[in-house]
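This report refers to the structure that appears directly beneath it.
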Amino acid sequence: MRSNGSQRERLSALDAAFLSLEASHAPMHVGWAAQFAPRPDGSRPSFEEIRSHIRGRLGRAPRYRQRLAHVPLALGDPVWVDDPEFDIADHVLRAEHGDFQRLADEVMSTPLEHDRALWELWIAEELDNGMIGIIGKAHHALVDGLAAVELMALLLDATPEPESGDGEQWVPQPAPGALEIAAEAVREQAEQALDVVKLPLGYALEPMRLLDLPGQARRAAMALLHTTTPPAPPSRLNGPMSAERHLACEARSLEDIKEIKRSFGTTVNDVLLAATAGALRSLAQQRDEPLREIKAMVPVSVQAPSERWGNRLAFLFVKLPTAEADPVWRLRDVHVAMRERKREREPETVDALFSAVSYAPLPVRRLASRILASPRLSNLTVSNIPGPTVPLYLMGCEACRAYPVVPLTNGHGMSIGMTTVQDQACFGVYAQADLAEDADLVARAIQEEIDELLSRAELPRDAARQPVGA
């Protein structure tokens with residue numbers, strides 16, 4: 001028998017912001033809807049076997065047996081504590097039917113319960129298409145999109161033969177009392193205040209660091225300018241929200257996207273953003289709406305290799321050239337914009353600004369998080385989440401596809417995510433149910449945009465870069 005030995009950790013300022021943004025009509029969970037092939041002999045594990053398999057792996061992820069403990073009188077952000085009542089049956093659940101699309105929509109439409117560990121896995125032993133389905137979700141305060149994929153990898157194996165479980169019984173650490181939690185929060189705030197006081201001394205001891213300030217100030221000003229101007233235009237993607245959700249799923253060969261990347265000298269993320277711009281252009285045309293440049297919030301990971309839990313994300317606010325008629329020029333415009341922003345180290349600057357805001361009082365941080373998530377700053381979030389590049393197996397069943405879920409903050413009716421599973425690029429267009437038809441249209445249009453860019457990529461290099469009709 002053993003305790004997990006983990007120390008209590010407080011939510012980071014960004015994780016606490018994700019928690020504060022949640023509402024009944026805007027659950028802040030990330031997730032994925034995955035499909036697995038049966039074993040080569042046609043057999044498949046039962047629900048009980050899968051749940052037992054997951055139970056045996058949880059020792060590798062202590063956070064998934066923890067819940068949030070709130071600080072009395074809101075003296076600080078919540079902390080993670082072991083959940084003495086943790087029960088795997090509350091988190092790994094059996095699906096009652098094999099309709100993959102319906103199951104994904106139902107699971108994503110229900111918020112997680114905050115009095116327990118903030119994750120769930122729903123298992124469909126046999127989908128209507130013969131595959132095995134697993135729908136997973138975890139609160140954004142627990143994991144970012146990348147770590148959600150890491151949870152999936154934690155449960156899988158690199159070979160068809162699964163590794164054995166940990167084989168040790170978990171013993172939760174005693175829950176702290178309210179006074180203890182409050183005292184810790186007060187002490188940490190005092191230490192944080194000392195850190196702020198020490199900042200000028202650091203520059204006094206190293207005067208040459210002062211030379212960096214003008215460049216930092218300029219980069220910070222540019223980052224704020226890109227964030228706030230121009231404001232996000234009016235769009236059918238923004239407005240009152242309902243609790244019900246829909247996940248439109250599409251997949252295609254990752255090599256197609258890499259071929260576009262190589263041909264035009266861009267990145268995979270550029271291709272995703274350009275295809276999104278073209279798909280939103282198609283949506284506007286289908287709905288007889290003006291062709292405005294939609295503004296996207298694009299998460300960029302600035303997480304250090306040593307950081308395992310929580311979120312270290314910067315957010316770039318990028319104008320998507322939906323008014324541009326030519327797909328190659330849309331790709332060019334996106335590539336130039338992203339290249340310049342990265343060249344100016346804007347992701348790191350935005351991360352530094354987040355760090356600075358984390359020293360502010362709790363009400364100021366809550367206000368800042370709501371401003372950042374406002375539909376006045378962006379129309380939607382577009383996220384590229386790297387996935388596994390090698391075959392992975394769940395008890396001998398190979399992972400085939402995994403469609404990502406990027407959460408919707410208040411006033412945002414649609415988000416777009418892409419993740420990769422071996423040689424497949426999987427797109428998840430996540431929307432409130434009122435925009436379900438729009439999400440399906442956008443998902444199909446992303447495929448069409450990639451088809452068009454791929455056809456141009458196969459032309460001679462000079463011809464491929466010419467606008468349509470040139």
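The values are calculated or read from the model by the stated rules, or taken from the named source; none is laboratory data. None of these values were measured; they are calculated from a predicted model. Cβ coordinates were reconstructed from backbone atoms using ideal geometry, including for glycine residues, and neighbour counts include every protein chain displayed.
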Practice task
Of the numbered conditions (1) among the charged types (D, E, K, R); (2) at pLDDT below 95; (3) closer than 22 Å to M28 by Cα, D438 fails exactly one; give the number of that condition.
Solution key: (2)
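Within the stretch 154-171, track down each residue that is over 29 Å from the mean Cα position of the chain (by Cα) and at pLDDT 70 or above.
E161, S164, Q169, W170, V171
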Handout entry: Qualifying residue in the stretch 380-394 (condition: surrounded by fewer than 24 Cβ atoms within 10 Å (Cβ to Cβ), in a helix (DSSP H, G or I), of a type outside the set (A, V, I, L, M, F, W, C) and over 19 Å from the mean Cα position of the chain (by Cα))
Key = no
Practice task
For D82, state whether it is farther than 30 Å from E250 by Cα and more than 20 Å from the chain's Cα centre (by Cα).
Solution key: yes
Completion exercise
Only unsatisfied item for E437, checking (1) touching a residue at least 60 places away in the same chain (Cβ under 8 Å); (2) outside any strand (DSSP E or B), is (1)
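Does the stretch 295-317 include one or more residues that are part of a strand (DSSP E or B), at pLDDT 95 or above and buried (at least 18 other Cβ atoms within 10 Å of the Cβ)?
Within the stretch 295-317, one or more residues are part of a strand (DSSP E or B), at pLDDT 95 or above and buried (at least 18 other Cβ atoms within 10 Å of the Cβ).
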Practice task
Keeping to the stretch 89-98, report how many residues are surrounded by fewer than 16 Cβ atoms within 10 Å (Cβ to Cβ) and outside any strand (DSSP E or B).
Solution key: 4
Problem - Criterion (among the basic types (K, R), modelled with pLDDT of 90 or more and out of contact with any helix residue (DSSP H, G or I) (no Cβ under 6 Å at 6 or more places or on another chain)) met by exactly one of R94, R67, R63 - result: R67
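Here's the yes/no breakdown for (1) surrounded by fewer than 16 Cβ atoms within 10 Å (Cβ to Cβ); (2) not in a helix (DSSP H, G or I); (3) not hydrophobic (A, V, I, L, M, F, W, C):
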residue: D15; (1), (2), (3): no, no, yes
residue: F18; (1), (2), (3): no, no, no
residue: G31; (1), (2), (3): no, yes, yes
residue: A34; (1), (2), (3): no, yes, no
residue: D41; (1), (2), (3): yes, yes, yes
residue: R51; (1), (2), (3): no, no, yes
residue: R57; (1), (2), (3): no, no, yes
Practice task
List every residue pair whose Cβ atoms lie under 7 Å apart, where the two residues are 6 or more positions apart in sequence or sit on different chains, the first residue falls within the stretch 237-251 and is among the charged types (D, E, K, R), and the second residue, located anywhere, is surrounded by fewer than 20 Cβ atoms within 10 Å (Cβ to Cβ) and assigned to a loop (DSSP other than H, G, I, E, B).
Solution key: E244/S109; R245/S109
Exercise for the section: Would you check if L283 is assigned to a loop (DSSP other than H, G, I, E, B) and either surrounded by fewer than 24 Cβ atoms within 10 Å (Cβ to Cβ) or touching a His at 6+ places or on another chain (Cβ under 7 Å) (or both)? Expected result: no
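Counting just the residues of the stretch 399-434 that are polar (S, T, N, Q) and part of a strand (DSSP E or B), which one comes out modelled with the highest pLDDT?
Filtering the stretch 399-434 for residues polar (S, T, N, Q) gives 409-410, 415, 419-420, 422, 424, 432.
From what's left, part of a strand (DSSP E or B): 415, 419-420, 424, 432.
Values: S415: 98, T419: 95, T420: 94, Q424: 95, Q432: 95.
Among those residues, the one meeting the criterion is S415.
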Exercise for the section: Determine whether the stretch 451-465 contains at least one residue that is modelled with pLDDT of 90 or more, buried (at least 24 other Cβ atoms within 10 Å of the Cβ) and in a helix (DSSP H, G or I). Expected result: yes
Fill in the blank from the handout: Scanning the stretch 390-441 for residues that are on the phi > 0 side of the Ramachandran plot and either of a type in the set (D, E) or in contact with a Gly (Cβ under 8 Å, 6 or more places away or on another chain) (or both) gives G411
